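Before any comments, here is the structure.
The values are calculated or read from the model by the stated rules, or taken from the named source; none is laboratory data. These numbers were taken from a predicted model, which means no experiment stands behind them. All Cβ positions, glycine included, derive from the backbone under ideal geometry; neighbour counts span all protein chains shown. When the accessible area is computed, the model is the full protein with side chains, heavy atoms only, and any ligands, DNA or RNA have been set aside. Shrake-Rupley method; radii C 1.70, N 1.55, O 1.52, S 1.80 Å.
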Amino acid sequence: MAKSSKSKKPSKKRKTKSTKKGCEETNPIAQAMADASNDGILLIDCNHKVALVNNKLKLWLKWNHINTDSWIGKLDKTVYKHISNITVGSKEINKLFKSVTGTPNLIAQTLNIELKNRTYKYMNVYTSPIFHEVENYLGRLWIFDDRTKEVSVDKMKTEFISIASHQLRTPLSITKGYLAMILGGDAGVLTGPMKEFIESSFTGACRLDEIIEDLLKVSRMEMGKTQPEKHLVSPKEVIDSIVNNYQETAKSKKLTIEENLIFHYSKLKLDDKLLQHAIGNILDNAIKYTPEGKKVFVRAEDFEKKKEKYLHIEIEDQGIGIPPEQKKFIFEKFFRADNVRSEDFSGTGIGLYYVAKIIDALRGKIWFNSELNKGTTFYIQIPE
Ligand code: ADP
């Protein structure tokens, strides 16, 4: 996955003193404790100079041909430059370094980075200002947590799913083909229970096919094989065509889809295929999880912010809603809430995970509101 960052801004009321008096020498006990850690640790003092580098970080940097022997007392910007030079796609880490270089910056942040080195490759970087008795700024702590094992296990899982799904595809399409032929009468006339059994087998095979297709789409996305391809399209036509694809399904459930589209631009630069997958998935859920006779609303508009054009979409249903305590899991892979499992709705729990990945790839945002037994609204915003 690409990088993710989270920031915590402490209260603006806090006043910091960045005095040289507050800068203490690192004592041997602190150094020994840091050396015992399994994470890489870097400490910058209140004069923006390196106060401590622990053994783990020294070792990782050595693997990248960086000698840290003379680092103590060096300015923060000098060592940040070394780290940035060994980071793949250093844009994000440079941004982070820039925001804290030479300043008693109050922001704590985490960032996933990839190093050019092949042994310790993936790191989660955490940085936080440190204080003595709340007000006295002592410096900045950096913690480098090696995530190489977790990332490679994740990659192996993705590859396994991809290979297994590919292998399942061929025998399944043969099974589906023969079942369709039998149902079509190619093997003679089907009588009562026989027809029923073959029909159930065919429905099962089609369902399995859909699941495999979903798994393949997700693994392609996780392996970075799905890249956005944007071109100028009419946003109205894109949304209209997605809604039209689901009109039949909605009708079979006696549901109506109400559309409200307000577009100022006749064309926007969008990846209509990825949008089709994302919006289609959400609309499919809205229909599936809404009882007969109710309504589903699709609203969309475009707007401009800081000279960038955006597409905003809302899909609202009057369905079963999402249990409050399970809202935080909704975008996780294979997650299905208790209320949909108990009511026997079919599904795999992959759809929203895939949608979130698409929106991420399109540099967009997705969020939702939901009330149990009242309905759910999903919101998507994507830049051009
Ligand atoms: P599924 O195949 O189960 O629909 P998704 O990944 O699309 O999987 O959605 C994950 C879970 O989120 C669903 O199983 C359901 O619990 C919940 N969910 C998604 N959309 C809705 C909705 N419109 N109303 C109620 N619950 C929803």
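Brief remarks follow.
- Among the residues of region 52-98, those that are open to solvent by less than 70 Å² (accessible area, probe 1.4 Å), under 20 Å from Lys116 (Cα atoms) and outside any helix (DSSP H, G or I) comprise Asn64, Ile66, Thr68, Ile86, Thr87, Val88, Gly89, Ser90.
- All of (1) over 20 Å from Pro235 (Cβ atoms); (2) of a type in the set (A, V, I, L, M, F, W, C); (3) not in a helix (DSSP H, G or I) hold for Val298 with one exception: (1).
- Residue list for region 222-241, restricted to those being surrounded by 15 or more Cβ atoms within 10 Å (Cβ to Cβ) and at pLDDT below 85: Glu222, Thr226
- Residue count, region 136-187 (criterion: outside any helix (DSSP H, G or I) and within 30 Å of Lys56 (Cα to Cα)): 12
- Test: residue in region 157-176 that is of a type in the set (Val, Ile, Thr), surrounded by 14 or more Cβ atoms within 10 Å (Cβ to Cβ), touching a residue at least 12 places away in the same chain (Cβ under 8 Å) and more than 29 Å from Arg220 (Cα to Cα): no
- Phe378 fulfils the conditions (1) outside any strand (DSSP E or B); (2) near the ligand (Cβ under 8 Å from one of its atoms) except for a single criterion, (1).
- Qualifying residues in region 352-369 (those that are within 11 Å of the ligand (Cβ to nearest atom) and open to solvent by less than 20 Å² (accessible area, probe 1.4 Å)) - the one modelled with the highest pLDDT: Val355
- Total residues in region 335-351, condition part of a loop (DSSP other than H, G, I, E, B), of a type in the set (Gly, Ala, Ser) and near the ligand (Cβ under 7 Å from one of its atoms): 3
- If the condition is being in contact with a strand residue (DSSP E or B) (Cβ under 7 Å, 6 or more places away or on another chain) and either assigned to a strand (DSSP E or B) or open to solvent by 10 Å² or more (accessible area, probe 1.4 Å) (or both), then region 99-115 contributes Pro104, Asn105, Leu106, Ile107, Ala108, Gln109, Thr110, Leu111, Asn112, Ile113, Glu114, Leu115.
- Meets criteria (of a type in the set (Gly, Ala, Ser) and near the ligand (Cβ under 8 Å from one of its atoms)) for Gly293: no
- Condition broken by His264, with the remaining ones in (1) under 18 Å from the mean Cα position of the chain (by Cα); (2) closer than 22 Å to His231 by Cβ satisfied: (1)
- Test: residue in region 307-318 that is within 16 Å of the ligand (Cβ to nearest atom) and either out of contact with any helix residue (DSSP H, G or I) (no Cβ under 8 Å at 6 or more places or on another chain) or assigned to a helix (DSSP H, G or I) (or both): yes
- Residues in region 353-384 that are acidic (Asp, Glu) and in contact (Cβ under 8 Å) with a residue 60 or more places away in the chain: Asp360, Glu384.
- The one condition in (1) free of Cβ contacts under 8 Å to residues at least 60 places away in the same chain; (2) surrounded by 16 or more Cβ atoms within 10 Å (Cβ to Cβ); (3) farther than 25 Å from Lys333 by Cβ that Leu216 fails to fulfil: (3)
- Selection of first residues in region 286-310 that are free of Cβ contacts under 8 Å to residues at least 60 places away in the same chain and closer than 26 Å to Tyr265 by Cβ and of second residues that are of a type outside the set (D, E, K, R) and open to solvent by 60 Å² or more (accessible area, probe 1.4 Å), restricted to Cβ pairs under 6 Å at least 6 apart or on distinct chains, gives the following pairs, ordered by first then second residue: Arg299/Asn260; Glu301/Ile262.
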